[in-house]
Amino acid sequence: MRRGLLHRRIVGVALGLALASAACSSAPPASDPRYRPTESVLEVAATLRLHIDDDTYRRQPARDFTGKNIYRASFSRLESLETSYASKFRSGYLQDVIWFAMARSAERMTEYELANKLYAKVATLDSELAQPAMRGSEISAELARAIVLEPKPEASPQQALDVYASRLAILDQLLPEVRGTHFEFIVREERERADHARARWFGARRRLDRSLDTTALQAYQQLVQNHPESKNRSRNLLELAGFYEELARDYVERCPAISLCFDSATFDEYTFSASRIYESVSQQDGSIEKIEAARKLEALIAFILRVYDDKLPARS
């Protein structure tokens, strides 16, 4: 009798321990504190402050511990804090810090209209940040005015050149005013984007007007020449090489290698320029473009061999 009771008690205890163990094992593990939602405005603002003066023209933007762009992540976290704790911030506590930090993040994301509005809000407050916010509002307004200048779809080549010249004029006028500040890097990035947009516009338009081949080529060359220190230099070189290759392929379409109009010197000029640039980029260690350049060079060599194979007399 006692042995049976003892046996039942042991079984009961064992079953209880098993159920407790199962409950513990099914409970979600404690989350890494680094990945929990941000609860401190000062934490986000302090992290952002470390990277406000980063030279994003020459180097890629910093990333946080999750691998996200530091400016985009900071903006999202501050926006989330403002929404989640709206009742606490309704009194105005740290509101100037939040808006100012969001404006700093927005301008690095090319959201200049948004940055202008946020700076303007801070400028109306009784805050130590009001003065720098006024300056930030003026600069972001000029940047916003510049980036909206784009040629209309029906614009003539000369009208497009005038539009991009006006866009660059605004940025060139702004550059001396912001030299020595973090705005200098932002303006330089926008100047590069303007040069890139001009090259892409004429590169696409030449499809309709072959007389624009030279203009488009000059635009791509200027993109590379005007920004030798840019973090996008390898990418810009790839675009220039790609345009040379495009010219070579279009030339073969118009003048097949077997035809009398085919000129080896013209074809070689295009392909040699493209291959030389591809080879240069393919030797840039640590660059993402290195792999792409190597593959493009292989494809270009195969294209050249095919063209000259077509040019040779048929084998008997």
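The values are calculated or read from the model by the stated rules, or taken from the named source; none is laboratory data. Note that the coordinates shown come from a computational prediction; the quantities given were computed from them, not determined experimentally. Every residue, glycine among them, receives a Cβ derived from its backbone with ideal geometry; neighbour counts consider all protein chains shown.
Table for the structure above
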{"read-out": "Test result for Phe267, surrounded by fewer than 19 Cβ atoms within 10 Å (Cβ to Cβ) and either under 16 Å from Leu247 (Cβ atoms) or aromatic (Phe, Trp, Tyr) (or both)", "value": "no"}
{"read-out": "Gln131 vs. criteria among the polar types (S, T, N, Q) and assigned to a helix (DSSP H, G or I)", "value": "yes"}
{"read-out": "Within segment 196-217, tally of residues that are over 20 Å from Leu237 (Cβ atoms), touching a residue at least 24 places away in the same chain (Cβ under 8 Å) and part of a helix (DSSP H, G or I)", "value": "2"}
{"read-out": "Residues located in segment 219-278, provided they are part of a loop (DSSP other than H, G, I, E, B), farther than 18 Å from Asp309 by Cα and not basic (Lys, Arg)", "value": "His227, Pro228, Glu229, Ser230, Asn232"}
{"read-out": "Verdict on Glu190 being under 21 Å from the mean Cα position of the chain (by Cα), acidic (Asp, Glu) and surrounded by 20 or more Cβ atoms within 10 Å (Cβ to Cβ)", "value": "yes"}
{"read-out": "Test: residue in segment 127-136 that is in contact with a helix residue (DSSP H, G or I) (Cβ under 8 Å, 6 or more places away or on another chain) and closer than 29 Å to Glu239 by Cβ", "value": "no"}
{"read-out": "Which numbered condition Arg193 misses (of (1) assigned by TED's automatic domain parsing to the domain that holds Lys290; (2) in a helix (DSSP H, G or I))", "value": "(1)"}
{"read-out": "Qualifying residue in segment 142-150 (condition: in contact with an Asp or Glu (Cβ under 8 Å, 6 or more places away or on another chain), closer than 19 Å to Arg206 by Cα and aliphatic (A, V, I, L, M))", "value": "no"}
{"read-out": "Test: residue in segment 275-283 that is surrounded by fewer than 15 Cβ atoms within 10 Å (Cβ to Cβ), outside the structural domain of Leu217 (by TED's automatic domain parsing) and aromatic (Phe, Trp, Tyr)", "value": "no"}
{"read-out": "Candidates Glu107, Glu111 - the one that is in contact (Cβ under 8 Å) with a residue 24 or more places away in the chain and under 22 Å from the mean Cα position of the chain (by Cα)", "value": "Glu107"}
{"read-out": "Given (1) in contact (Cβ under 8 Å) with a residue 40 or more places away in the chain; (2) surrounded by 14 or more Cβ atoms within 10 Å (Cβ to Cβ), number of the condition Tyr220 does not satisfy", "value": "(1)"}
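For (1) under 20 Å from Glu189 (Cα atoms); (2) at pLDDT below 95, each residue gets a yes or a no:
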site	(1), (2)
Ser80	no, yes
Thr83	no, yes
Arg90	no, yes
Asp96	no, yes
Met109	yes, no
Leu118	no, no
Pro132	no, no
Ala144	yes, no
